[in-house]
Amino acid sequence: MSDATQPRPTTGDDTAAAPADNTEARRRHLCGEVEQILTEAHIGARRAQRRGKLWNATFLFLGFPAAVLAGISGAAGLASAGARVPAAVLALLSAGFSAGSSFLRADARQMANLRRRYAWQNLETRARLVLAHEAYEGVERLHAALVGLLEVRATIPSSALVLAELQPSPPQLAAPAAPPAVGP
């Protein structure tokens, strides 16, 4: 048998070291979990910020030309009788931009991503505080803080959920009344 596979004789010092090693291993594992949440929150905040910028640009790209074209088409239509066809084309373009903006709901998507970014940044800040403080307060407090971080993580809505919240609820149909009972 090699030295690695032979059992070592135990002393009083070895039994005291085992729980300390176990506690340290648990602390390292829990800190690793907090660091994973920290990394996920940082990435989530960056993604939400990029998406928010994209939707803001989309909103401006569709909304500003719609407003300008509407004004130009109105002025062209009133200027002379011969400018009615170009005015109508400009009005159709303006309507198309407005319809596209309404269909894409870029403003709502931008706000949803802004809310998600702030939620991810909040989670990231909390994770940093846990690593800075709770990691040194003991394994139980670190575990409780990790559970709290996971609860906060679960409350961060996906963009689909945020957009669903912004939708007006569909009208509810009333259940038909039961027919009157016919007696003998």
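The values are calculated or read from the model by the stated rules, or taken from the named source; none is laboratory data. Predicted, not measured: the structure shown is a model, and the values here were computed from it. Cβ: placed from backbone, ideal geometry, glycine included. Neighbour counts: every protein chain shown. What goes into the accessible areas is simple: the full protein's heavy atoms, side chains included, and nothing from ligands, DNA or RNA. Shrake-Rupley method; radii C 1.70, N 1.55, O 1.52, S 1.80 Å.
If you check Glu24, Glu40, Glu33 for being modelled with pLDDT of 80 or more and loosely packed, with under 14 Cβ neighbours inside 10 Å, only one passes: Glu24. Being at pLDDT below 80, out of contact with any helix residue (DSSP H, G or I) (no Cβ under 8 Å at 6 or more places or on another chain), open to solvent by 90 Å² or more (accessible area, probe 1.4 Å) and closer than 30 Å to Gly63 by Cβ is a property that Pro171 has.
If we scan region 66-83, do we find a residue that is more than 30 Å from Thr155 (Cα to Cα), under 30 Å from the mean Cα position of the chain (by Cα) and at pLDDT 80 or above? Yes - at least one qualifying residue is present in region 66-83.
Only one entry in Ala45, Ala99 is of a type in the set (Gly, Ala, Ser), over 30 Å from Glu151 (Cβ atoms) and open to solvent by less than 80 Å² (accessible area, probe 1.4 Å), namely Ala99. A search for C-beta distances below 6 Å between a residue of region 78-92 that is within 21 Å of Phe64 (Cβ to Cβ) and any residue that is open to solvent by less than 70 Å² (accessible area, probe 1.4 Å) and among the polar types (S, T, N, Q), counting only pairs 6+ apart in sequence or on different chains, returns Ala87/Ser73; Leu90/Ser73; Ala91/Ser73. So, of the residues in region 125-134 that are crowded, with 20+ Cβ neighbours inside 10 Å and not small (Gly, Ala, Ser), which turns out to be modelled with the lowest pLDDT? So, considering only residues that are crowded, with 20+ Cβ neighbours inside 10 Å and not small (Gly, Ala, Ser), the one modelled with the lowest pLDDT is Glu134. Of the listed requirements (1) surrounded by fewer than 17 Cβ atoms within 10 Å (Cβ to Cβ); (2) touching a residue at least 12 places away in the same chain (Cβ under 8 Å); (3) not aromatic (Phe, Trp, Tyr), Ala145 misses just one: (1).
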